[in-house]
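Since the structure comes first, as structure tokens, the remarks are kept for the end.
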């Protein structure tokens, strides 16, 4: 199973590179961007937005609103209905706009590293974002080892027990695998400690003289 995953990743990389080669034409560049979107499933809100956006469909189970301009949900964005799958350019009323103004992506953290910033800098980030900094540091190390060029774009996603990564907008010729450095454990050199103990022993000899009668 692990081998199949690696094979799938290799095929995906090859397909991406092939698409870039085939679609590349003078004056044409192919790219993709991340876009904020809001999914509405509450029936009351679906009916409100359907009337406000003048959507003629009768059966709508879900509505997804895309922030095309990147400045928050509102005028000039797109709404897509499900199960119909149709797109509608929206011009919300004051009431609908007030509801959408309360929508916030929230919780997003962005790290920016200069070319000379060490990964350890992000591993020592404040406690509130230190875990995210650790992820970014590991990604930074791998990227600097294996890709020696610019630009490159990466999208990482983990969902339903599957982790996927997509890379695009890079030069395949500059993508070369380099194994991580081996952490050298300092060699333990045995050290013998000799302890000299000096002890002076003084022996005392006691002589007892016995006086005899009539002299010695």
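The values are calculated or read from the model by the stated rules, or taken from the named source; none is laboratory data. Note that the structure is predicted; figures quoted are calculated from it, not measured. Virtual Cβ from ideal backbone geometry, glycine too; neighbours counted across all protein chains shown.
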>> So, restricting to helices (runs of 4 or more DSSP H) that lie completely within the stretch 38-149, which ones have at least 3 residues that are within 30 Å of residue 169 (Cα to Cα)?
In response: 120-123, 130-146
>> Considering only residues that are within 21 Å of residue 73 (Cα to Cα) and either free of Cβ contacts under 8 Å to residues at least 24 places away in the same chain or surrounded by 16 or more Cβ atoms within 10 Å (Cβ to Cβ) (or both), which ones fall in the stretch 22-36?
In response: 33, 36
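For the stretch 171-188, enumerate the residues that are part of a loop (DSSP other than H, G, I, E, B) and under 16 Å from residue 139 (Cα atoms).
176, 177, 178, 179, 180, 181, listed by residue number.
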>> Looking at 106, 72, can you tell me which residue is surrounded by 12 or more Cβ atoms within 10 Å (Cβ to Cβ), at positive phi and either modelled with pLDDT under 95 or assigned by TED's automatic domain parsing to the domain that holds residue 136 (or both)?
In response: 72
>> Return the pair list, or none, for Cβ contacts closer than 6 Å from residues in the stretch 37-58 that are under 13 Å from residue 82 (Cα atoms) and assigned by TED's automatic domain parsing to the domain that holds residue 78 to residues that are assigned to a strand (DSSP E or B) and at pLDDT below 95, at least 6 apart or on different chains.
In response: none
